[in-house]
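**Q** Here it is, the structure, as structure tokens.
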Amino acid sequence: MKAVVVTKYGPYNEATVSDIPIPSAAAGEVVIKVDAAPVNFVDLIVISGKYQFLPKLPFTPGKGPSGVVHAVGAGVAELVVGDRVLAMAEMGGYADYCAVSASQCYKLPNALSLRQAAAMSLTFDTSWFALRERARIQPGDTVLVLGATGGVGGASVQLAKAMGARVLAGVSNVEKAQYLKAFGADAIVDLSRPNLRDSLRAQVHEHTEGRGVDIVLDPLGGDFFDAALRALAWCGRLVVIGFAAGRIPSVKANYLLVKNIEVTGLQVSDYRKRRPHQVRECYREIFSLLERGEIAPIPVTELPLTEFREALHRIETRNAQGRVVLLPSHSMELA
């Protein structure tokens, strides 16, 4: 089969598409025939060798592909060959076939295509845990989503609205962000204005009658974190999801004290390992909201597996429109 192979940590341009054997299904595993593999910012970090959990070399990157069960290992009773699934693999998605624990596979509702499922992978589940688990969202809360045009950001806008919140979408290009209104954003916050430290808070106060927001979801870090922290209301909660802006920020604990605010972090992979029952609850709600039409998959840009470097470049430079997914050759034939 064809697969992207990383032989040493470093620039993603040094990875190659190679021929490797189709994996077999060990006990408790299934092998899926990959239909689509989402391209995520975290893939760049894993390939570079800077991620907190590094696979052994050589490896095939790619988290959370969608596909059809191709083979079933011993002891697997809940899945059969032919089932359509979202497979929350930690790696191996950039390939024709991928082996993954059966416990990490979620059967797809008929309303969701395989391509749409791949586009939702690692975005809607991240957003759900950020909102439900870490931020303890309540109906009527006001939520500021930073990086709202990204995968996690777009999912967060939709889920927060479906959960009864008022949603402010923080974006760096207002002209390209108007589609977020259709996703449920009540207002747009322009992150490109001068003096971000003050301009972000001023915009938030304008949209909240000077109160601030109850929740901030932050996949960016850097100066965006610093500014958003100042826009929290009394007893507000900021959830750190990532550092796409580059700089890892710090916070003075006395500021948390005087405003009675919280800063918490989210590493969603840990929930898959430690609390799989909550992950199943997560997907039950996501799929239910989808079937009721309260959320919708983010628009998908499809590229062949052989163009993985271009896909990663778009993510790296933040020029991706919607979600980027890679299609194996057998999937391209069906496109």
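The values are calculated or read from the model by the stated rules, or taken from the named source; none is laboratory data. Note that this is a predicted model, so its numbers are computed, not measured. Methodologically, a virtual Cβ is constructed for each residue, glycine included, from the backbone with ideal geometry; neighbour enumeration extends over all protein chains shown.
**Q** Within region 244-283, take every residue that is among the hydroxyl-bearing types (Ser, Thr, Tyr) and within 28 Å of residue 120 (Cβ to Cβ) and give me the one that is farthest from the chain's Cα centre (by Cα).
**A** 264
**Q** Can you go through 54, 86 and tell me which one is in the same structural domain as residue 32 (by TED's automatic domain parsing) and part of a loop (DSSP other than H, G, I, E, B)?
**A** Going through 54, 86 in turn, just one is in the same structural domain as residue 32 (by TED's automatic domain parsing) and part of a loop (DSSP other than H, G, I, E, B): 54.
**Q** When region 302-335 is examined, which residues are found to be modelled with pLDDT under 95 and in contact with a Phe, Trp or Tyr (Cβ under 6 Å, 6 or more places away or on another chain)?
**A** Within region 302-335, 315 is the sole residue that qualifies.
**Q** If you go through region 189-230, how many residues are farther than 13 Å from residue 166 by Cβ and either in contact with a strand residue (DSSP E or B) (Cβ under 6 Å, 6 or more places away or on another chain) or in a helix (DSSP H, G or I) (or both)?
**A** So the count comes out to 22.
**Q** Scan region 115-146 for residues that are aliphatic (A, V, I, L, M), part of a helix (DSSP H, G or I) and at pLDDT 95 or above and jot them down.
**A** Going through region 115-146, the residues aliphatic (A, V, I, L, M) turn out to be 117-120, 122, 130-131, 135, 137, 143-146.
Filter once more, so that each one left must be part of a helix (DSSP H, G or I): 117-120, 130-131.
Of everything in region 115-146, those that are aliphatic (A, V, I, L, M), part of a helix (DSSP H, G or I) and at pLDDT 95 or above turn out to be 130, 131.
**Q** Okay, moving on. If we scan region 235-256, do we find a residue that is crowded, with 22+ Cβ neighbours inside 10 Å and over 24 Å from residue 52 (Cα atoms)?
**A** Looking through region 235-256, at least one residue is crowded, with 22+ Cβ neighbours inside 10 Å and over 24 Å from residue 52 (Cα atoms).
**Q** In this structure, does residue 62 turn out to be crowded, with 20+ Cβ neighbours inside 10 Å and assigned to a strand (DSSP E or B)?
**A** For residue 62, the condition - crowded, with 20+ Cβ neighbours inside 10 Å and assigned to a strand (DSSP E or B) - is not met.
**Q** Okay, next question. Can you tell which of 81, 76, 68 is assigned by TED's automatic domain parsing to the domain that holds residue 312, among the β-branched types (Val, Ile, Thr), part of a strand (DSSP E or B) and surrounded by fewer than 24 Cβ atoms within 10 Å (Cβ to Cβ)?
**A** Result of the check over 81, 76, 68: 68.
**Q** Which number in (1) part of a helix (DSSP H, G or I); (2) under 22 Å from residue 299 (Cα atoms); (3) touching a Leu at 6+ places or on another chain (Cβ under 9 Å) marks the one condition that residue 149 misses?
**A** Failing condition for residue 149: (1).
**Q** Quick one: residue 103 ticks every box in (1) closer than 18 Å to residue 278 by Cα; (2) touching a Leu at 6+ places or on another chain (Cβ under 9 Å); (3) not in a loop (DSSP other than H, G, I, E, B) bar one, so which box is it?
**A** Result: residue 103 passes all but (2).
**Q** Is it the case that region 274-284 has a residue that's of a type in the set (A, V, I, L, M) and more than 29 Å from residue 111 (Cα to Cα)?
**A** No.
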